[in-house]
Amino acid sequence: MIRVSGADELPWSTVIDDPVQHIRVDVRQVPGQQVREFRAHTRVQARLSALVALIEDTEHLPAWMHRVRQVTVLSRPDALHLHSYLVLAVPFPFHDRDVFMTTLLQQDAAGSVRIISAAEEGGAGACRGCVRMPQMRNEWIIKPLPGQWLDVTFSGFGVPGGVVPDWATNLVVTDLPFGSLRNLSWQVHRHKYAQAIVEGIREPQS
């Protein structure tokens with residue numbers, strides 16, 4: 001789970017609990033910020049490598065990750081690190097937001113995978129009219145379960161920069177994770193991911 005300074009003791013509130021799609025979204029306030037942090041949870045039946053391959057297929061993210069308009073890979077130093085440029089779609093009439101991100105993939109001894117992304121310093125945006133986000137962090141935690149099920153938690157926090165009403169920002173905080181997990185549940189079964197092999201990822205022993 002992403003750690004936002006000073007927020008660890010603040011309670012979570014559930015804003016979406018969809019038993020049909022098996023998605024729950026919680027939010028909580030971040031001290032000193034009007035923007036809320038989100039934590040979304042679901043379970044999917046798939047190979048671990050399939051889900052990691054889907055999330056790591058960075059340039060395909062706009063096809064399923066809600067409100068992500070563009071992702072451009074800038075460099076991939078190795079199989080575990082990635083640098084990219086991302087554009088987020090913001091509700092009209094406000095300007096889209098952009099950010100440079102660095103991403104790290106980790107797998108622990110128990111087989112759980114963490115994919116952590118955070119804003120980094122970058123030059124002028126590639127998107128005309130975009131406003132640079134001063135802060136953005138997100139994290140995926142994927143835990144293998146019996147029966148080839150995966151427990152998936154997607155969490156994040158971002159400061160939009162510029163002028164955006166709190167209601168618009170917090171709308172994105174709610175619908176971005178819900179829409180993304182809803183789309184993820186069917187994207188992961190596409191042929192290009194179903195049998196994928198990801199360098200550095202160990203499949204759990206059955």
* Asked: Which condition does residue 132 not pass, out of (1) over 19 Å from residue 64 (Cα atoms); (2) of a type in the set (D, E, K, R); (3) modelled with pLDDT of 95 or more; (4) touching a Lys or Arg at 6+ places or on another chain (Cβ under 9 Å), if it passes all the others?
  -> (3)
* Structure fact -> Exactly one of 84, 117 is in contact with a Gly (Cβ under 9 Å, 6 or more places away or on another chain), polar (S, T, N, Q) and buried (at least 20 other Cβ atoms within 10 Å of the Cβ), and that one is 117
* Structure fact -> Going through segment 175-185 in order, the residues found to be in contact with a strand residue (DSSP E or B) (Cβ under 8 Å, 6 or more places away or on another chain) and closer than 17 Å to residue 22 by Cβ are 177, 178, 180, 181, 182, 184, 185
* Can you tell me which residue within segment 138-175, out of those that are assigned to a strand (DSSP E or B) and hydroxyl-bearing (Ser, Thr, Tyr), is surrounded by the most Cβ atoms within 10 Å (Cβ to Cβ)? => 155
* Structure fact -> Counting only residues that are of a type in the set (D, E, K, R), crowded, with 18+ Cβ neighbours inside 10 Å and within 22 Å of residue 18 (Cβ to Cβ), segment 43-66 contains a total of 0
* Asked: Somewhere in segment 94-110, is a residue hydrophobic (A, V, I, L, M, F, W, C), touching a strand residue (DSSP E or B) at 6+ places or on another chain (Cβ under 8 Å) and at pLDDT below 90?
  -> no
* Kindly check whether there is at least one residue in segment 55-75 that is among the β-branched types (Val, Ile, Thr) and under 18 Å from residue 171 (Cβ atoms). => yes
* So residue 31, is it without any contact (Cβ under 8 Å) to a residue 12 or more places away in the chain and either within 18 Å of the chain's Cα centre (by Cα) or not in a strand (DSSP E or B) (or both) -> no
* To do: Working only within segment 159-180, note down all residues that are in contact with a Phe, Trp or Tyr (Cβ under 6 Å, 6 or more places away or on another chain) and either among the hydroxyl-bearing types (Ser, Thr, Tyr) or at pLDDT 90 or above (or both).
  => 177
* Selected residue [crowded, with 17+ Cβ neighbours inside 10 Å and under 21 Å from residue 114 (Cα atoms)] from 195, 187 -> 187
* Structure fact -> Of 89, 126, 110, the only residue that is under 23 Å from residue 186 (Cα atoms) and not polar (S, T, N, Q) is 89
* Structure fact -> Residue pairs qualifying under the 8 Å Cβ cut-off, at least six apart or on distinct chains, with the first in segment 43-60 being touching a residue at least 60 places away in the same chain (Cβ under 8 Å) and over 18 Å from residue 107 (Cα atoms) and the second being among the hydrophobic types (A, V, I, L, M, F, W, C) and surrounded by fewer than 21 Cβ atoms within 10 Å (Cβ to Cβ), are 43/145; 43/149; 44/149; 45/149
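The values are calculated or read from the model by the stated rules, or taken from the named source; none is laboratory data. Bear in mind the structure is a predicted one, so any value in this text is a computation, not a measurement. All Cβ positions, even for glycine, are placed from backbone atoms using ideal geometry, and neighbour counts span all protein chains on display.
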